[in-house]
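What follows is one structure encoded as structure tokens, with my remarks underneath.
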Amino acid sequence: QVQLVESGGGLVQAGGSLRLSCVASGSIFRFHVMGWYRQAPGKQRELVADITSRGITNYADSVKGRFTISGDNAKNTVYLQMNSLKPEDTGVYYCRITDPLNYWGKGTLVTVSS
């Protein structure tokens, strides 16, 4: 069983920055993928970015150039640096790990005001 705990959400003005963190604990397979998803009100959950344990990253087109995902395998932690935030980035951000089963965190709310 794997547990994920997210932190770092909050309220920020458009153009501002936030850094999200997600710590995974439990039995984690050496090769895994950790990622961030978000769900805006009334919308489906969507991929924001993910990173493999080998450092390969993938981003949604809407966040390329503004968000950066990084990981620390020794700490089983993944980060999401979010810059130039827009109101449309508002939503609950969830951390997910695939190893190969999927585990989800409870989410952290990000609100970007215009």
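General remarks:
- Filtered residue count, the range 69-83, keeping only those that are surrounded by fewer than 16 Cβ atoms within 10 Å (Cβ to Cβ), farther than 20 Å from Val2 by Cβ and under 11 Å from the mean Cα position of the chain (by Cα): 1
- Test: Ser53 is in contact with a helix residue (DSSP H, G or I) (Cβ under 6 Å, 6 or more places away or on another chain), surrounded by 14 or more Cβ atoms within 10 Å (Cβ to Cβ) and either at pLDDT 95 or above or not charged (D, E, K, R) (or both): yes
- Which numbered condition Gly8 fails, given (1) touching a residue at least 60 places away in the same chain (Cβ under 8 Å); (2) more than 15 Å from the chain's Cα centre (by Cα): (2)
- Condition met for Arg38 (basic (Lys, Arg), under 21 Å from Val112 (Cβ atoms) and not in a loop (DSSP other than H, G, I, E, B)): yes
- The set of residues from the range 84-101 being open to solvent by less than 10 Å² (accessible area, probe 1.4 Å) and either touching a Gly at 6+ places or on another chain (Cβ under 8 Å) or not charged (D, E, K, R) (or both) comprises Leu85, Gly91, Tyr93, Cys95, Ile97.
- Residue match in the range 21-36 (condition: in contact with a Pro (Cβ under 9 Å, 6 or more places away or on another chain), of a type in the set (A, V, I, L, M, F, W, C) and open to solvent by less than 50 Å² (accessible area, probe 1.4 Å)): yes
The values are calculated or read from the model by the stated rules, or taken from the named source; none is laboratory data. Predicted, not measured: the structure shown is a model, and the values here were computed from it. When we count neighbours, we look across all protein chains shown, and the Cβ atoms used for this are built from the backbone with ideal geometry, even at glycine. Surface accessibility is based on the protein's heavy atoms, side chains included, excluding ligands, DNA and RNA. Shrake-Rupley method; radii C 1.70, N 1.55, O 1.52, S 1.80 Å.
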